[in-house]
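Structure record follows, encoded as structure tokens.
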Amino acid sequence: MVQSSRQQVDAIPKIVDARKLVQREQQLSGSVPAEALERLAAVVESVDDGVQVELSFGRDLNRHMVVEGRVRCDVQLLCQRCLKPMPESVDAGVHWGIVWSEEQGKSLSKDLDPVIQEGDELNLYQVLEDEILLNLPMVAYHEEECVPRDKFQFGDASMEEGEQRENPFKVLEQLKGSSGKS
Ligand SMILES: [Zn+2]
């Protein structure tokens, strides 16, 4: 068999039994189809490619079931200055402790995020989607000056004071926007 040169990334399973994967010290590497993540779709303009996932199941020193790995995806967010799409990358570490109740979660070491499995089933897509949503910025602005500066500047000497008083929030927004990414 000759492998195609194009990298084909298979989807990881949606529903797993983490207990079994821990027993097998399973490694999962693959994608999550973007269309399966409805909550993500609701808050971004688009998801550029699939979501790339690497997970390895095992036990930590306290014998707790853990999943370590990362989840990555490229999305388009709406720039809050010009209201056009802007690219954003999410690259989040996964440090889960698998438990069956919130109570059990309290016994995990602090650097683990408790993930509750219901019976024999863990919805991996749902937990990964949570991870992506947590790592998305609340608001997005283009780094470059996407709206001409003169549309924003009210501090010009020729400006009436009254105009400035009218727009305190616009000025504030402008300050926030320009200092946000430096
Ligand atoms: Zn913009």
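Quick note: the coordinates plus some simple rules give every number you see, no bench work behind them. Because the structure is a prediction, the values reported are computed rather than measured. Neighbour counts are summed over all protein chains in view; Cβ atoms, including those assigned to glycine, are modelled from backbone coordinates with ideal geometry.
Taking the mean number of other Cβ atoms within 10 Å as a proxy for protection, how do you rank 44-57, 25-38 from highest to lowest?
Ranking the peptides 44-57, 25-38 by packing returns 44-57, 25-38.
Using the Kirkwood radius over Cα pairs, work out the Stokes-Einstein diffusion coefficient for region 15-134 at 25 °C and 0.890 mPa s, in µm²/s as a whole number.
Estimated via Stokes-Einstein, D reaches 161 µm²/s.
Which of the listed residues, 126, 85, 26, is farthest toward the dipole's positive end in region 15-134, when Lys, Arg count +1 and Asp, Glu count -1 at the beta-carbon?
Positive-end residue among those listed: 26.
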